[in-house]
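Let me begin by presenting the structure, written as structure tokens, before commenting on it.
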Amino acid sequence: MSAWRLPDTVPAGEPAPVPAAGAGRPASAGRRMLVVAATVLLTLVGAGGLAVAKGGGMFSAERPEGCVKPDRSIQLYAVELPRDGTQIRLGYGLTPETASYPGPTMEMTEGECLAITLHNQVPAETLTQLRTNPSHPLGVSLHVHGVKYTQLSDGTAQSASFVPPGESRTYTWYAQPRNNKTGSPGTAGYWWYHDHVVGGPHGTQGLGAGLFGGLVVRRPGDPKPDRTYVTVFGDRQSINLRRGDATDTCDHDNPVPGPTCLLARKGEKVEFVVIGIGNDMHTFHLHGHSWADTRTGVVSNGQPFADQIPIIDNRTLGPGDSFGFQVAAGDSVGPGHWMLHCHMQFHSDAGMSTMLHVLDENGQMPPGGHDHQAMSGPAPAAADPAAAGGHQHN
């Protein structure tokens, strides 16, 4: 079973059939219905109705081209989490109780259409504290990279596609498949999603508080991992908004995989989704392991030109970038505590480092461990922008 991945969800219900124009009623009645619908639409837009329709409301059927109907539906919650020092923390979760940062890793297959209903349970008072302009609306949103959506699922204040406190809204994502006839490259790859509204029109405060997560779009036949982990590199030398000791909380005797405990048994296929946020450039480096510089990180059996594909263990990462790969845990190097860090030296020295713990074949933690203080010197347990006199991405 994979660690830190979104479990399978149930198919969405069938939408009600829409009768053909004019069927069963005079043309005049059809015109009257159009007038009423246009009036309701204008009223909703003027009142911000695009943003507040509960459960997607009358706009839940809005879909990108190619999405006939949602294949699956997901309930996602935005909640406030315990503060990290003075730093407000928010998270997405499949339930309010399981919200975290990063949020749950979404998985799609090309050709699939996914409906995600986002419930905003973040208190209005908290969103007010994060707001940089008193005229900016209060709410949270869901903006995604890589896949297809229409403007009503863009997750921005400009399109009124956000969720006010206490409300909910359905977003529709379409993993468009590759099409050689039209030239579409498809959407398979490693992407991410995040808030685009909290604090201001670009969601800077929402990102800095923790509203982000990974998205994996696969093609049929892509290799499936045993475990998937998301590592988000951000400002103030942080990994998943943490640094130093806080990046790695694995208990030696009873480790539980999660955002701060990267864990695998020797031989398991481990997938990493790597994301950059904030304002800084980083380099992602994993000790003891390397991968092919391809879409999946592996070279398919019999793939032509395999000798021309670079094999790497370090990759540059800028703000907004994302990539991913798979490795066999401990391949040729065995069990151990393998460092994962930013290779910009002053970043790693400041605590931008964690560990991939590879257990032996019996599932036992190898001897040794992690000592972030020895690796990086004294560092705060968390990246707190308040210490620098202002709010930043972490």
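Quick note: the coordinates plus some simple rules give every number you see, no bench work behind them. These figures come from a predicted structure and were not determined experimentally. A quick note on method: Cβ atoms are made from the backbone with ideal geometry, for glycine too, and the neighbour counts reach across all protein chains shown.
The table for this structure:
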| read-out | value |
| --- | --- |
| For segment 155-276, convex hull volume per residue from C-alpha positions, Å³ | 168 Å³ |
| Summed side-chain charge close to G267 - residues other than G267 whose Cβ falls under 11 Å, Lys, Arg +1, Asp, Glu -1 | -2 |
| For segment 227-306 versus segment 108-137, the gap between their alpha-carbon centres in whole angstrom | 26 Å |
| Built amide H within the under 5 Å cut-off of M344, gap 5+ | T283 |
| In segment 227-321, the chymotrypsin sites (Phe, Trp or Tyr not before Pro) that fall in loop regions by DSSP, at most 11 other Cβ within 10 Å | F305 |
| Phi-based couplings in Hz for segment 72-81 (Karplus 6.51, -1.76, 1.60; Gly and Pro marked x) | 9, 10, 9, 9, 10, 10, 9, 9, 8, 10 |
| P(r) tail fraction, segment 239-350 - alpha-carbon pairs more than 21 Å apart, % | 42 percent |
| Under 17 Å from the Cα of K269 - aspartates and glutamates, other chains or at least 8 residues apart | E107, D222, D226, D293, D313, D331, D360, E361 |
| Whichever lysines have a C-alpha closer than 16 Å to that of K148, once near sequence neighbours (fewer than 8 apart) are set aside | K69 |
| Note, ³J(HN,Hα) from phi for segment 112-126, Karplus 6.51, -1.76, 1.60, rounded to Hz, x at Gly and Pro | 8, 10, 10, 9, 10, 9, 9, 9, 8, 10, 7, x, 4, 4, 5 |
| Sequence-distant residues sharing a close amide H with C261 (under 5 Å, placed H) | T249 |
